[in-house]
Amino acid sequence: MKKSTSRRTRARRRRKQSTDSFFQKKTKKEAPFFEIGHAGGTATSGKGRPSTAVNFGHLGPVKLKGKTKADYSNNGWKATEEKLKKGTGCEGCKPKKCTEYTGVLVSTFKVSTRVSLPRMSDYQAYSACQKKRIKAAIDDVLAPHEQQHVQAFKTYDGTVKTPFSMTACRKKLKNIAVAKFTDMHEKTEAPRRAAAQAASDALDPFVVNVDLKCK
């Protein structure tokens, strides 16, 4: 009785191992060659020059400073429309292991921004009339200007599609492809970021005079 039970147990184990092996092979076969990737060294940020609104009034100069910070780190790439076929001209492997890999690299770019404006709590020493004018300068002049910086930074946003083709030994292909994709993506990202930063820089210097000659 024990021998019969033992044989049935071993048979069940063999069937389970066979089933697991089938799904493991199937999963491996159907897995995409590449998933999303992030280029190294892209956790960068850019700052618009501080914008100021100044006044020389009864209580001395009032300086209203605004700042917009841009974070460009949310960018990445993904290989799409991938095709693998037999290649030629590989070194270091048998001809049948030589693989040609083609597709389209999709680079995505998305900037996030944060605007900092003066707080009215810093101007409590001023009269009600003066505080009203300070607030108007912040809300109606400085804030809209900082939104111009936001829009300038957002010119970074978008998607770029770049066809690719490479040939390498199948065993080395993934590492070669990742290095190539990273380089392709960074060469697209760097000038895009520089252009957005230049558009923001072009908005400054920015100065507004606030008339505080009131009671």
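Only one of VAL150, VAL141, VAL115, VAL160 is under 30 Å from ASN175 (Cβ atoms) and of a type in the set (A, V, I, L, M, F, W, C); which? Don't jump to the end; show me each part of the working.
Values: VAL150 fails: under 30 Å from ASN175 (Cβ atoms); VAL141 fails: under 30 Å from ASN175 (Cβ atoms); VAL115 fails: under 30 Å from ASN175 (Cβ atoms).
The conditions single out VAL160.
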- Take the residues in the range 188-214 that are surrounded by fewer than 18 Cβ atoms within 10 Å (Cβ to Cβ) and charged (D, E, K, R), then tell me which one is farthest from PHE164 (Cα to Cα). LYS213
- Query: List, please: which pairs have Cβ atoms under 6 Å, are six or more places apart or on different chains, and start with a residue in the range 84-98 that is without any contact (Cβ under 8 Å) to a residue 60 or more places away in the chain and surrounded by 10 or more Cβ atoms within 10 Å (Cβ to Cβ) and end with one that is among the hydroxyl-bearing types (Ser, Thr, Tyr) and not in a strand (DSSP E or B)?
  - Reply: none
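Restricting to the range 99-145, give me the number of residues that are among the small types (Gly, Ala, Ser), under 28 Å from ALA202 (Cβ atoms) and not in a strand (DSSP E or B).
Qualifying residue count for the region: 3.
Regarding the range 86-98, can at least one residue be identified that is within 30 Å of ASP201 (Cβ to Cβ), touching a strand residue (DSSP E or B) at 6+ places or on another chain (Cβ under 7 Å) and β-branched (Val, Ile, Thr)? Working first, answer last.
If we filter the range 86-98 for residues that are within 30 Å of ASP201 (Cβ to Cβ), which is where we start, we get none.
Scanning the range 86-98 turns up no residue that is within 30 Å of ASP201 (Cβ to Cβ), touching a strand residue (DSSP E or B) at 6+ places or on another chain (Cβ under 7 Å) and β-branched (Val, Ile, Thr).
Looking at this structure, is ALA168 under 27 Å from THR80 (Cα atoms), modelled with pLDDT of 95 or more and of a type outside the set (Ser, Thr, Tyr)?
Working: under 27 Å from THR80 (Cα atoms): yes; modelled with pLDDT of 95 or more: yes; of a type outside the set (Ser, Thr, Tyr): yes.
Spelling it out, ALA168 is indeed under 27 Å from THR80 (Cα atoms), modelled with pLDDT of 95 or more and of a type outside the set (Ser, Thr, Tyr).
Could you check, for the range 155-163, whether at least one of its residues is farther than 22 Å from LYS63 by Cα, over 17 Å from the mean Cα position of the chain (by Cα) and not basic (Lys, Arg)? It would help to see each step written out before you state the result.
Taking the range 155-163 and keeping what is farther than 22 Å from LYS63 by Cα, we get 155-163.
Keeping just the survivors that are over 17 Å from the mean Cα position of the chain (by Cα) gives 162-163.
Right, trim to not basic (Lys, Arg) and you get 162-163.
Yes: the range 155-163 contains one or more residues that are farther than 22 Å from LYS63 by Cα, over 17 Å from the mean Cα position of the chain (by Cα) and not basic (Lys, Arg).
The values are calculated or read from the model by the stated rules, or taken from the named source; none is laboratory data. Being a predicted model, the structure only gives us computed values, none of them experimental. All Cβ positions, even for glycine, are placed from backbone atoms using ideal geometry, and neighbour counts span all protein chains on display.
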